[in-house]
Amino acid sequence: SSAAEAPAAPIGPEYKDKEEKPQATVSTPISSQNVHILPQTPQLIALLTMIRDKNTPRADFIFYSNRIIRLLVEEGLNHLPVISHPVTTPTGRTYQGVKFEGKICGVSIMRAGEAMEEGLRNCCRSVRIGKILIQRDEETYQPKLFYDKLPADISQRFVLLLDPMFATGGSATMAVQVLISRGVPEERILFLNLIASPQGIKEFAEKFPKLRVVTAFVDQGLDEKNYIIPGLGDFGDRFYCI
Ligand code: PRP
Ligand code: URA
């Protein structure tokens with residue numbers, strides 16, 4: 001047929017033959033229903049490549065991290081319940097839509113988690129945000145809780161817990177324990193995270209089987225200092241300091 005004879009389009013998603021496509025490392029798959037890994041698209045991989053590169057300057061690190069954070073928040077919102085919401089359009093017809101049901105709030109694990117607040121606010125304008133200050137001891141790698149300030153009615157809300165790095169899982173586990181102690185049911189917590197380790201994922205699956213995780217990537221593992229590998233180094237330092 002004439003369609004079969006037409007020359008291949010020079011651009012578009014299939015612009016390169018399979019053999020010419022660049023190789024990239026994609027996320028380790030996780031079989032748990034509660035772990036949602038962002039689709040490993042060329043765009044996401046390119047953004048992750050920027051922030052993983054040790055030579056990326058801070059301004060670019062912030063810019064590209066923010067783009068991934070936006071993707072995480074948009075995906076996270078897909079995991080909140082909606083109810084039917086029909087509307088009338090200007091043509092007088094009905095559109096069978098939906099709207100969010102229930103109240104939400106963000107909770108950031110300081111310091112690095114605060115970097116995700118702007119992305120959440122860009123999607124949920126006046127969202128309430130609680131803070132939990134947890135720092136990992138640099139020698140023992142044990143998390144230490146210093147401070148928390150959470151919305152008074154947090155037990156009535158869905159909680160989007162924010163921390164870009166999920167290494168041993170110690171910090172996130174401590175934050176979840178604080179939320180549970182304030183009456184937030186496990187199944188109403190959604191952990192938004194940039195890079196997770198298989199150890200962190202396993203820790204959560206054992207301790208909080210009903211909690212959901214949305215992450216951009218599950219990496220290979222941890223090094224001798226409990227840094228994620230290949231990882232991106234210290235997120236807080238790269239975003240705020242160096
Ligand atoms: C980092 C990161 C997580 C934690 C992850 O924070 O932001 O909170 O380590 O490690 P874990 O899963 O082994 O607990 P850090 O304590 O370095 O503080 P920062 O946010 O001030 O950089
Ligand atoms: N905290 C970070 O910022 N990076 C890691 O790899 C582990 C903990």
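The values are calculated or read from the model by the stated rules, or taken from the named source; none is laboratory data. This structure is a prediction, so every number in the text was calculated from the model and none was measured. Counting neighbours? That spans all protein chains shown, and the Cβs are built from the backbone with ideal geometry, glycine included.
Taken over segment 154-197, residues that are within 16 Å of ligand 2 (Cβ to nearest atom) and either at positive phi or among the acidic types (Asp, Glu) (or both) amount to 2. Under the condition of being within 10 Å of ligand 1 (Cβ to nearest atom) and either within 13 Å of the chain's Cα centre (by Cα) or buried (at least 22 other Cβ atoms within 10 Å of the Cβ) (or both), the residues counted in segment 205-228 number 1.
What do you reckon, is Gly200 at pLDDT 95 or above, of a type outside the set (Phe, Trp, Tyr), buried (at least 20 other Cβ atoms within 10 Å of the Cβ) and more than 9 Å from ligand 2 (Cβ to nearest atom)? When the stated conditions are applied, Gly200 passes them. Residue count for segment 99-149 satisfying the condition of being surrounded by fewer than 16 Cβ atoms within 10 Å (Cβ to Cβ), within 15 Å of ligand 2 (Cβ to nearest atom) and among the aliphatic types (A, V, I, L, M): 0. For segment 181-188, check the following and say yes or no: at least one residue is within 13 Å of ligand 1 (Cβ to nearest atom) and within 17 Å of the chain's Cα centre (by Cα). No, every residue in segment 181-188 fails to be within 13 Å of ligand 1 (Cβ to nearest atom) and within 17 Å of the chain's Cα centre (by Cα).
For segment 229-236, check the following and say yes or no: at least one residue is in a strand (DSSP E or B), within 12 Å of ligand 2 (Cβ to nearest atom) and either buried (at least 16 other Cβ atoms within 10 Å of the Cβ) or more than 17 Å from the chain's Cα centre (by Cα) (or both).
Of the residues in segment 229-236, the ones in a strand (DSSP E or B) are 229.
Among the residues that remain, those that are also within 12 Å of ligand 2 (Cβ to nearest atom) are: 229.
This time we only want the ones that are either buried (at least 16 other Cβ atoms within 10 Å of the Cβ) or more than 17 Å from the chain's Cα centre (by Cα) (or both), so: 229.
Yes, because at least one residue in segment 229-236 is in a strand (DSSP E or B), within 12 Å of ligand 2 (Cβ to nearest atom) and either buried (at least 16 other Cβ atoms within 10 Å of the Cβ) or more than 17 Å from the chain's Cα centre (by Cα) (or both).
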